[in-house]
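One structure is given below, encoded as structure tokens.
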Amino acid sequence: MSNSQVVSPVQIAEADLLAQLDADLLPRHVAIIMDGNGRWAALRGLPRIEGHRQGLTALRDVLDICHEVGIPHVTIYAFSHENWNRPAAEVSMLMRLLDEYLKHERQSFMERGIRFFPIGRLEKLPHAVRTLVQEVAEETQHFTEHVLTVALSYGGRAEIIDAVKGLVKDIQLGIVGEGQINEDLFEGYLTTHGLPDPDLLIRTSGETRISNFLPWQIAYTELYFTKTLWPDFRRQETLAALLDYQSRERRFGRVSHTGSPQNGL
Ligand code: FPP
């Protein structure tokens, strides 16, 4: 057997997982809280930023496999509103990583037809990063089949407040009547308007919180929590999460096909 024919156990496991995946039952939209970079680094006696660096490698792996299996929408929580409270050195390294990431991926977004769609209080980002974020967003905005939404300086409650303010303004201007207000109309004021709601939310590192990530949008989302720290969450872990999602029955408050009405929500 030549070297090129040698199949490592990792490849076999990935191929096995892929074979189990039902292409007709894939989530259209996966949202991810990438948690545990700091702990990953601490476990190895490394500075936290090394955890974030490995986290970026994990992100590339996860986005690749999502793209390969055909998931059109991925939304990642890259930097929360609360993350500004971290030590200045860590914040500045995270901004530098974002800068490196965008400079590196810019061409690949164009070649693969991926829209880079930033959400959050972008005005709080340092000027140079903000400019780059806006440039990459603009040059990829015409792509619609694959959308990578990146939450930066994002907080879900702040997003809802901003939406309320926009709606109130339109009511005052007479553009919208009070009787027209419903969920669909309100959704149009959120930064994510036009995107499908996430079908699956993944959070790594064993924490089982939502942490102010897309609180409106995940009302019916399937939640997947894993103890794996984000830098170790790679292709196989992603496939395992997708298979777990496919094993669930989504009822959206309706009665199960097989179960009884008292099954609850
Ligand atoms: C949470 O881990 C992770 C973050 C606050 C940042 C996420 C960033 C990356 C995955 C890499 C950079 C991404 C881009 C798009 C540039 P934590 O530091 O809170 O981990 P801990 O809870 O173990 O301390």
Nearby lysines by direct alpha-carbon distance to Lys124 (threshold 24 angstrom, same-chain neighbours under 8 apart not counted):
Lys103, Lys165, Lys169
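Apply the a/c threshold of 1.5 to the C-alpha gyration tensor of the stretch 39-133 and tell me whether it is rounded, prolate or oblate.
oblate
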Given a 1.4 Å probe, how much area per residue of the stretch 102-147 is accessible, in Å²?
57
Based on the alpha-carbon gyration tensor of the chain and its eigenvalue square roots a ≥ b ≥ c, which shape applies: rounded if a/c is under 1.5, prolate if not and a/b is larger than b/c, or oblate?
oblate
Quick one: pull the percentage of alpha-carbon pairs in the stretch 85-224 with a separation above 23 Å.
47
If I take every Cα pair under 8 Å that is 6 or more residues apart in the stretch 80-163, average their sequence separation and divide by the length, what percent do I get for the relative contact order?
41
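So what is the relative contact order of the stretch 151-259, in percent, for Cα pairs below 8 Å that sit 6 or more residues apart?
Answer for the stretch 151-259 is 25 percent.
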Could you grab the relative contact order for the chain? Cα pairs under 8 Å, six or more apart, rounded to a whole percent.
28
Express in whole angstrom the spacing between the alpha-carbon centres of the stretch 191-257 and the stretch 135-150.
22
From the Cα centre of the stretch 43-62 to that of the stretch 70-100, the distance in Å is 12
I'd like to compare 166-175, 58-67, 128-137: which one has the highest average count of other Cβ atoms within 10 Å, and what's the full order after that?
58-67, 128-137, 166-175
Under a 10 Å cutoff between Cα atoms, tell me which one of Gly113, Gly70, Gly45 has the largest fluctuation in the Gaussian network model of the chain.
Gly45
What does the charge add up to near Pro215, with Lys and Arg as +1, Asp and Glu as -1, over the other residues with Cβ less than 10 Å from its Cβ?
0
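The values are calculated or read from the model by the stated rules, or taken from the named source; none is laboratory data. Because the structure is predicted, anything quoted here is derived from the model rather than measured. FYI the Cβ positions are ideal-geometry reconstructions off the backbone, even for glycines, and counts take in every protein chain you see. Calculation scope for accessible area: heavy atoms of the full protein, side chains included, ligands and nucleic acids excluded. Shrake-Rupley method; radii C 1.70, N 1.55, O 1.52, S 1.80 Å.
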